[in-house]
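Working notes, beginning with the structure itself.
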Amino acid sequence: MFVATFWATVNPEWQNDNYAQIGYRMFLRASEMPGFVALHKLALPVEHEFDELAIAYFDTEEHMTDWYNESSHRAVEALGRREILGSYKIEILQMTRSYTMDSSTFVTDDAAERGADRLAKDPHAAL
């Protein structure tokens, strides 16, 4: 699986419904693409370098490249570079592992359990 992280700072004049609508249209279009798996979008804390983070998952590198080259995505990218974004950073990653609580091979030990007990009682406890 391939993952694209998109870190962005949105210009103040684009922090509105127009930007949200464009993003939603891009999500709908991406979700129609073969190999699209999921998209997560997060607002980042004020003290962070960027305003938001979007994480897109595709089955293969080819599917991700197809999305990159899709015409409506390219148009939005051009508008983003020209007007919407003050800055951005994109990272392309290949996922090497994924598991759930049920499929995890995590094994705890006494020290970890004691630390968990301390945190459960006091989230500020020293570990």
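Restricting segment 49-74 to residues that are touching a residue at least 12 places away in the same chain (Cβ under 8 Å) and of a type in the set (Phe, Trp, Tyr), the residue that is nearest to Ala8 (Cα to Cα) is Phe50.
The set of residues from segment 30-51 being of a type outside the set (A, V, I, L, M), within 17 Å of His73 (Cβ to Cβ) and buried (at least 16 other Cβ atoms within 10 Å of the Cβ) comprises Gly35, Phe36. Is it true that some residue in segment 7-29 is within 12 Å of the chain's Cα centre (by Cα), touching a residue at least 40 places away in the same chain (Cβ under 8 Å), within 30 Å of Glu62 (Cβ to Cβ) and open to solvent by less than 60 Å² (accessible area, probe 1.4 Å)? Yes: one or more hits.
Restricting segment 52-69 to residues that are among the acidic types (Asp, Glu) and buried (at least 16 other Cβ atoms within 10 Å of the Cβ) leaves a set whose member that is nearest to the chain's Cα centre (by Cα) is Glu52. The test for being free of Cβ contacts under 8 Å to residues at least 24 places away in the same chain, of a type in the set (Asp, Glu) and not in a strand (DSSP E or B) holds for Glu77.
Residues that are touching a Ser or Thr at 6+ places or on another chain (Cβ under 8 Å) and surrounded by 10 or more Cβ atoms within 10 Å (Cβ to Cβ): does segment 93-112 have at least one? Scanning segment 93-112, I find at least one residue that is touching a Ser or Thr at 6+ places or on another chain (Cβ under 8 Å) and surrounded by 10 or more Cβ atoms within 10 Å (Cβ to Cβ), so the answer is yes.
The values are calculated or read from the model by the stated rules, or taken from the named source; none is laboratory data. No experiment lies behind these values; they were computed from the predicted model shown. Ideal geometry is used to build each Cβ from the backbone, glycine not excepted, and the neighbour counts take in all protein chains shown. Remember, those area values only see protein heavy atoms, side chains included, never the ligands or the DNA or RNA. Shrake-Rupley method; radii C 1.70, N 1.55, O 1.52, S 1.80 Å.
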